[in-house]
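**Q** First, the structure itself, so that you have it in front of you.
Readers should treat all values here as calculations from the given coordinates under stated rules, not as data from a laboratory. Quantities reported herein were computed from a predicted structural model and do not represent experimental measurements. Because the Cβ atoms are built from the backbone with ideal geometry, glycine has one as well, and the counts that use them run over all protein chains shown.
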Amino acid sequence: MKQSLGRASIRPEKPVYILNSASTVGTKEGQGPLGLLFDKVGEDDMFGCATWEEAESTLQRDAVGLALEKAGVSPDDISFIFAGDLLGQSIATSFGVSSYQIPLLGVYGACSTCGESLALGTMSISGGFAGRVVCVTSSHFASAEKEFRFPLEYGNQRPLSATWTVTGSGAFVLGDEEAMTAARSWGRGCPRAQITGITLGKIVDYGLKDSMNMGACMAPAAASTLEQHFIDFGSQPDDYDKIITGDLGKVGQRVLIDLLREKNYDISVQHMDCGLEIYDAESQDTHAGGSGCGCSAVTLSAYVLKQLEERNWKKVLFLPTGALLSKTSFNEGKSVPGIAHCVVIESVRNR
């Protein structure tokens, strides 16, 4: 069976399941609307570490450990780990997951990394190259500000278009039919969901240069990937209970809906943005919403998969979005290109 579909999509031949997952977050995220759903909330955002970067590594290490424990497997049962973060040379990942000694494939798609890692993990299992894999990503407000913007001590004002980088990490254990059967025999119950499709995004650059308005920079990439997904799968927005972007925020959400309407796709009813769900707009000062690699990852693990398990939703499109900039490119006056990867996730009990 040919697994490729259309221009940029894949329909896995072998079933690929999300066996289990875990989410670890900071204090601000724990105080938000989803706070009670996260597996672990830090008492402070340093997580007992000396630096912000070490704290982010701890987030990843804890998320992977919790996900493995919940899935009832050990690091030796995992073929590969697909992992990434926002920091230079992915140091949060390399120092975070090294102790597990799982063969590592480091990935970088900025805030779309959760979608990219899930796509690659799904491809490796469906292609017969692995039985179980782990996909994990993270972000930390303070380490991201240090990497991309201004030192926290500077106390700069943030425009209303700016998003707040989520302090959090989401980890997912994916497995094939054999792994799913084994999990059930060990008393681990049903997998959380099944991945049934992928659409990989391309770089889209509208020439925008405002790093404090990344929602607008990333929205064109989200629109491009969604349009290609609808074409490749022959689907429409109302085929899905939710179309879930990662971190467009208020501004990017409006841009995305308008761009797709120009292509005769109306997602206004189905659309949900993780960055708008994770914080309380009234009580938490996050301006346009949340962002960062951890934003979509922890929201998927804690909230979206719960809705699929409980069959409140049966089929969703998960579409994390990334802004492909660095300090160097910004200081050299370059634009902020975007990218987005789409994963179809369905309730297991619906199949």
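**Q** Sort the following peptides by mean Cβ neighbour count (other Cβ atoms within 10 Å, averaged over residues), highest first: 169-181, 185-197. Walk me through the numbers on the way to the answer.
**A** Working: 169-181: 25.1, 185-197: 17.8.
Going by the mean number of other Cβ atoms within 10 Å, highest first, we get 169-181, 185-197.
**Q** Hey, another quick one. As a footprinting exposure proxy, order ILE91, ILE198 by other Cβ within 10 Å, with the fewest listed first.
**A** Details: ILE91 16, ILE198 27.
So the residues, fewest neighbours to most, are ILE91, ILE198.
**Q** Same structure again: What residues have an amide H closer than 5 Å to that of HIS271, excluding those fewer than 5 places away on the same chain, when H is modeled at 1.01 Å from N in the peptide plane?
**A** ILE243
**Q** What number, in percent, do you get for the relative contact order of the chain if the mean sequence gap of Cα pairs under 8 Å and at least 6 apart is divided by its residue count? It would help to have the intermediate numbers written out before the result.
**A** Numbers: 914 pairs, mean separation 87.4, N = 351.
Here the relative contact order equals 25 percent.
**Q** Mind checking which helices in the chain clear 15 Å along their axis (Cα) and have mean Kyte-Doolittle hydropathy of -1.0 or more, DSSP H runs only?
**A** Details: long enough: 52-71 (29 Å, -0.47); 113-126 (19 Å, 0.73); 214-233 (28 Å, 0.60); 249-262 (20 Å, 0.01).
Helices passing the filter in the chain: 52-71, 113-126, 214-233, 249-262.
**Q** According to a simple spin-label model (label point 7 Å from Cα along Cα-to-Cβ), what is the distance in nm between PHE129 and CYS49?
**A** Going by the 7 Å Cα→Cβ label model, 2.9 nm.
**Q** Here are some pairs, LYS14/LYS334; LYS202/LYS306; LYS314/LYS334; which of them have Cα atoms lying more than 32 Å apart in this structure? Kindly include the intermediate steps, with their values, before the conclusion.
**A** Values: LYS14/LYS334 42 Å; LYS202/LYS306 30 Å; LYS314/LYS334 41 Å.
Table pairs above 32 Å Cα-Cα are LYS14/LYS334; LYS314/LYS334.
**Q** Sticking with this one: If you place +1 on the Cβ of every Lys and Arg, -1 on the Cβ of every Asp and Glu, and leave all else neutral, what size is the dipole of the chain about its Cα centre, to the nearest 20 Debye?
**A** With only Lys, Arg, Asp and Glu charged at Cβ, the dipole is about 840 debye.
**Q** Here is a further query. What order do you get for 37-50, 303-316 when each peptide is scored by the mean count of other beta carbon atoms within 10 Å, highest first? List each step's numbers first, then the result.
**A** Values: 37-50: 16.0, 303-316: 18.1.
So the order, starting with the most tightly packed, is 303-316, 37-50.
**Q** Related question: Along the Cα-to-Cβ line of MET212, 7 Å from the Cα, sits a label point; which residues in segment 240-265 have backbone N less than 18 Å from it?
**A** Hits in segment 240-265 for MET212 at 18 Å: 249-252.
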